[in-house]
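Note sheet for the following structure.
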Amino acid sequence: MIVPKKSPPLWIGVAISFYAFITIGIAEAGLGVLLPSILQEYNLTSATITLLFVSQISGYILAALTSSIVNSRLGLGRMLFFAASMLTIALSIYALSPTWWLMVAAGNLFGLGVGLIDAGINTAIAQDDHSTNLIGLLHGFYGIGALSGAAIATTLLAIGMNWRQVYGVLAAIVSLLMMSVLAAIIYRYPSMTQSKAAFHTPAWQHLGRSLQTPLVWFTGLLLLIYVGLEASISNWAYIVQVSDRQIPALVAGYSLSAYWVGLTVGRFILGYFLRSLGAVKTISMSLVLLMIGLLAWWQLPEQWISLPMIGFALAPIFPATIWLIPKQLPASLVPAAVSFATSAASVGAAMIPSGVGWIASWSGLGIIPVLMLPLAIAMIVLHWANSYHQNLLET
């Protein structure tokens, strides 16, 4: 009698995906708290520190152009292992680098690692027909990582560790993702070992066809600005609170964690709003609340509610936009479209905070809350254009 081989439990792949998003949240959010220490050690300004953001752009762009192709050839698991390795190496170089320029160079590996993880897992989740709850949970775990990264960095600095040691801790946390993915590959867990060569058509052709679709460009630009705004607050809010508004460092650090708490809560309840209102109305309401929160952060510097309100308002925008892509495009174009949109968003995470830093170097850190308002307005315009174009296609 042949005993059928038992299928591995489904939760393994989901758990790895969730932990991957925790790690990129930790890696990205920790920088906001460590920024003043890096500025002081290397004697940098708010303009020159932006080279660290700029250096990540090439990695993000490479991920945007190749993630769907790499995934189709290697499978999600091998791509995640490579990406986690790049991210771990980048954080280790941050911790050990004897020179500023080596740290800047490591930003390329950082961008590539984050971009491949983000695009690969978002693509896999977006293609799941039952992803209404899963997409919100996935991005909720990014929020858990981000608030943890800010809190970990704040706490470790408070107990006397320097910023290099903090980055060593963050590298160790990310390295656990490498080991878990490697174990899944060795165990031959299906979702981590099977390639996604969809429809027997070369992935380059799918990428080319998706880039001929205006909706893909609208979506990519919307997410680029969204992530740029999210990252600008993550990277600059702490130093604005401490250096410009004279708020105690510990309070400022935990207020940044409160920003991520708002985002995390919003993403964990996203499934309810998607089912009740739909993605388009949910995004519209979020953008209105975002404008209110940004105005409060600018005009009422002493109050404490604006940062968590901004985080809560931002929460639905990225996952709801990704969730819409399979509803708007042919199935064959979805992997390339999600890959391009998420990686374009990662470019915004490097480009927009860099621009904000350059402007702040000339006008002062107090200008940063003001600069967030035109970004939010641009998102409203792009969301309207995307919805309008989709309505035209449906009619």
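The values are calculated or read from the model by the stated rules, or taken from the named source; none is laboratory data. Computed from a prediction, not measured in an experiment: that's the story for all the values here. Heads up, the Cβs are rebuilt from the backbone with ideal geometry, glycines too, and the neighbour counts pull from every protein chain shown. Side chains included, ligands, DNA and RNA excluded: accessible areas come from the protein's heavy atoms. Shrake-Rupley method; radii C 1.70, N 1.55, O 1.52, S 1.80 Å.
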Here the tail fraction of P(r) beyond 16 Å, over all Cα-Cα pairs of segment 209-329, rounds in percent to 62 percent
Per the 1/(1 + (r/R0)^6) rule, R0 = 30 Å and r from the Cβ atoms of Ala158 and Leu102, FRET efficiency to 0.05 is 0.60
Hydrodynamic radius by Kirkwood for segment 25-102, inverse mean 1/r across distinct Cα pairs, in Å, is 14.3 Å
In nanometres, the difference between 0.36 nm per residue of separation and the alpha-carbon distance of Ile359 and Tyr187 is 56.9 nm
Rounded to two decimals, the Rg over Rh value of segment 268-382 from Cα coordinates and the Kirkwood Rh reads 1.02
Taking Cα pairs closer than 8 Å and at least 6 residues apart, the relative contact order of segment 79-123 in percent is 55 percent
Low-density loop chymotrypsin sites (Phe, Trp or Tyr not before Pro), segment 281-338, at most 16 other Cβ within 10 Å, DSSP non-H/G/I/E/B, are Trp304
Per DSSP loop assignment and a cutoff of at most 11 other beta carbons within 10 Å, the chain keeps its longest run without exposed trypsin sites (Lys or Arg not before Pro) at 189-395
Once Lys and Arg are counted +1 and Asp and Glu -1 for all other residues with Cβ under 15 Å from that of Ser257, the total becomes -2
Cα-Cα pairs in segment 240-279 separated by more than 10 Å, as a whole percent of all pairs, come to 72 percent
Residue ranges of DSSP H helices in the chain that stretch 27 Å or more (Cα, own long axis) and have mean Kyte-Doolittle hydropathy of at least 0.5 are 11-42, 76-96, 100-126, 131-158, 163-186, 214-239, 249-268, 279-299, 334-363, 368-394
Measuring from its Cα centre, the chain shows a charge dipole (+1 at each Lys and Arg Cβ, -1 at each Asp and Glu Cβ) which, in debye to the nearest 20, is 880 debye
Mean accessible area per residue over the chain (1.4 angstrom probe, all protein chains present, square angstrom) is 41 Å²
FRET efficiency for Ile305 and Tyr272 from the Cβ-Cβ distance with R0 = 35 Å, rounded to 0.05, comes out at 0.95
Note: Val14 to Gln246 extended length (0.36 nm per residue) minus current alpha-carbon separation gives 79.3 nm
Of every hundred units of 1.4 Å-probe accessible area on segment 239-313, the number belonging to carbon and sulfur atoms, as a percent, is 73 percent
